[in-house]
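To keep things clear, I will list the structure first and then write my remarks on it.
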Amino acid sequence: MAKWQCVKQCGACCHLNPADRPDLDEYLSPPELEVYLSMVGEGGWCINYDKHLRECRIYANRPRFCRVESEIFQDMYGIKPEELNDFAIDCCRQQIEGVYSESSLEMLRFDEAVGFDFC
């Protein structure tokens, strides 16, 4: 069974382009939405994402909406803890495909890391 995990030096989730997420106001509070929009930089990338190192410069202090934790996903999206694994894998795969492509190195690395079953 596939088990979700974040893959270092991917950064797909750091592509915050609001045009790709028209429903932000449905799951972010007004203050969170303000923070989110303030983090969007050039090309839709988070201003805290180091493109050279491919990592978050504020990872330890990142906002709630940047964290994959069962309590947060239940509150924001109504995802039950037992559904989080599959939901997170699906979300990551969609985001990686949208940012890099379905056949990208990032997708291959993610699928390998989580043990994604292609059958």
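Values quoted throughout were computed directly from the atomic coordinates according to the rules given, and no laboratory measurement underlies them. Just so we're clear, the structure is a prediction, and the values are computed from it rather than from any experiment. Using ideal geometry, Cβ is built from the backbone for each residue, glycine included, and neighbour counts are taken over all protein chains shown.
Side notes on the structure shown:
- Cleavage-rule hits (GluC sites (Glu not before Pro)) in region 59-104: DSSP loop, at most 15 neighbouring Cβ within 10 angstrom: Glu69, Glu102
- Percent of alpha-carbon pairs separated by more than 13 Å within region 5-73: 67
- Net charge of Cβ neighbours under 15 Å - reference Leu28; Lys, Arg +1; Asp, Glu -1: -3
- Model label points for Met1 and Leu53, set 7 angstrom from Cα along the Cα-to-Cβ axis, are 3.6 nm apart.
- Placing unit charges on the Cβ atoms of the charged side chains and taking the dipole of region 12-114 about its Cα centre, the candidate lying farthest along the positive direction among Cys92, Tyr59, Ile79 is Tyr59.
- Read-out percent of Cα pairs over 24 Å apart, derived from the coordinates shown; its label in [x] 21; [y] 35; [z] 25: [z]
- Net +/- balance of residues flanking Met107 in space, Cβ distance below 12 Å, scoring K and R +1, D and E -1: -3
- Size of electric dipole in the chain: Cβ of Lys, Arg +1 and of Asp, Glu -1, about Cα centre, debye, nearest 20: 520
- Label-point separation, Glu34 to Ser70 (7 Å along Cα→Cβ), nm: 3.3
- Each Cα pair under 8 Å and six or more residues apart adds its separation to the average, and for the chain the resulting relative contact order is 37 percent.
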